[in-house]
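Engineer: Please find one structure pasted underneath; my questions will follow.
The values are calculated or read from the model by the stated rules, or taken from the named source; none is laboratory data. No experiment lies behind these values; they were computed from the predicted model shown. Reconstructed Cβ throughout: ideal geometry from the backbone, glycine too, with neighbour counts over all protein chains shown.
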Amino acid sequence: MELKKIKEDKNTLLLEIGKETMTITNALREELWNDSNVIEAAQIREHPYLSEPKIFVKMTKDSSKLAIEKAAKRISKKSKEFEDEFNKSIK
């Protein structure tokens, strides 16, 4: 995974996530909407074969970077919970 900041200002952040599929940006976008300070969260891919997926975040207040960091941590926690439940269920 390669992260590249495309655009950043006071309330917005556009981040390119290289060498990944839209799966990660989709999960981030969905989880970002759970933050009450998020005005806009979108995944972007200009061309399915020629461009890398991007995530765009616009906030009312707080940091876009912090919002993405918190969303990633929540996704990680949910993934761990799923893994634990899955392992219990297949025993």
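Engineer: On the basis of being surrounded by 13 or more Cβ atoms within 10 Å (Cβ to Cβ), part of a loop (DSSP other than H, G, I, E, B), without any contact (Cβ under 8 Å) to a residue 60 or more places away in the chain and touching a strand residue (DSSP E or B) at 6+ places or on another chain (Cβ under 9 Å), does Glu16 make the cut?
Structural biologist: No, not satisfied.
Engineer: For the condition acidic (Asp, Glu) and under 9 Å from the mean Cα position of the chain (by Cα), what is the one hit in Glu20, Glu81, Glu69?
Structural biologist: Step by step, each of Glu20, Glu81, Glu69 is checked, and only Glu69 is acidic (Asp, Glu) and under 9 Å from the mean Cα position of the chain (by Cα).
Engineer: If I ask for residues that are surrounded by 13 or more Cβ atoms within 10 Å (Cβ to Cβ) and either among the acidic types (Asp, Glu) or free of Cβ contacts under 8 Å to residues at least 40 places away in the same chain (or both), which ones from the stretch 19-39 would you list?
Structural biologist: Passing the criteria: Glu20, Met22, Ile24, Thr25, Asn26, Arg29, Glu30, Glu31, Leu32, Asp35, Asn37, Val38.
Engineer: Follow-up question, since we're still on this one. Being surrounded by 11 or more Cβ atoms within 10 Å (Cβ to Cβ) and either on the phi > 0 side of the Ramachandran plot or of a type outside the set (Ser, Thr, Tyr) (or both) is the filter here; which residues of the stretch 57-68 pass it?
Structural biologist: The answer is Val57, Lys58, Met59, Asp62, Lys65, Leu66, Ala67, Ile68.
Engineer: Is it true that Arg74 is basic (Lys, Arg), at pLDDT below 95 and surrounded by 11 or more Cβ atoms within 10 Å (Cβ to Cβ)?
Structural biologist: In short, no.
Engineer: So, one more: In the stretch 1-17, which residues are within 14 Å of the chain's Cα centre (by Cα), under 25 Å from Lys61 (Cβ atoms) and hydrophobic (A, V, I, L, M, F, W, C)?
Structural biologist: The answer is Leu3, Leu13, Leu14, Leu15, Ile17.
Residues are listed down the side, and each one gets a yes or a no for (1) within 16 Å of Asn11 (Cβ to Cβ); (2) touching a residue at least 24 places away in the same chain (Cβ under 8 Å); (3) not in a loop (DSSP other than H, G, I, E, B):
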| site | (1), (2), (3) |
| --- | --- |
| Ala41 | yes, no, yes |
| Pro48 | no, no, no |
| Ile55 | yes, yes, yes |
| Lys61 | yes, yes, no |
| Lys73 | no, no, yes |
| Ser79 | no, no, yes |
| Phe82 | no, no, yes |
| Glu85 | no, no, yes |
